[in-house]
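What follows is a short report on a single structure.
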């Protein structure tokens, strides 16, 4: 079986007004992510969590384009400081997710192997 390397990247800013909108979390977070979001202690942590997940999901969305998958269908987990993506389509063999934060900017980059 052969594979194609795919890549997506996204940059967002923590000060975007959308992140203060209480309804946004329902549009982009899966039920598991929403549960973790609600367990966070303060609004700053919640905004960072939401913005990071937004950037990761945007990067994933860009990497699999033109295929369409809803943000709530993507589930991103962080285990031992490593992000993973579950609920991925069967045509993605692997995905590596990397994020970086500098000041108010969050960058997410994803690389994957797509079955040809």
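Since every read-out is calculated from the coordinates, none of them should be taken as a lab result. Values in this document were obtained by computation on a predicted structure and should not be read as measured data.
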Problem set entry | Helical mean residue ellipticity (222 nm; -39500 (n - 2.57) per DSSP H run of 4+; nearest 500) of the chain | -9500 deg cm²/dmol
Problem set entry | Distance from region 56-116 to region 9-50 (C-alpha centre basis), Å | 16
Problem set entry | Helix axis angle, 43-64 relative to the chain longest principal axis, alpha carbon, degrees | 20
Problem set entry | Two-decimal Rg to Rh for the chain - Kirkwood Rh, Cα set | 0.97
Seminar exercise, completed: Once residue 68 and residue 26 are pulled to full extension, the length gained, defined as 0.36 nm per residue separation minus their Cα-Cα distance, is 13.3 nm
Seminar exercise, completed: Length gained if residue 36 through residue 9 is fully extended, taking 0.36 nm per residue and subtracting the Cα-Cα distance, is 7.3 nm
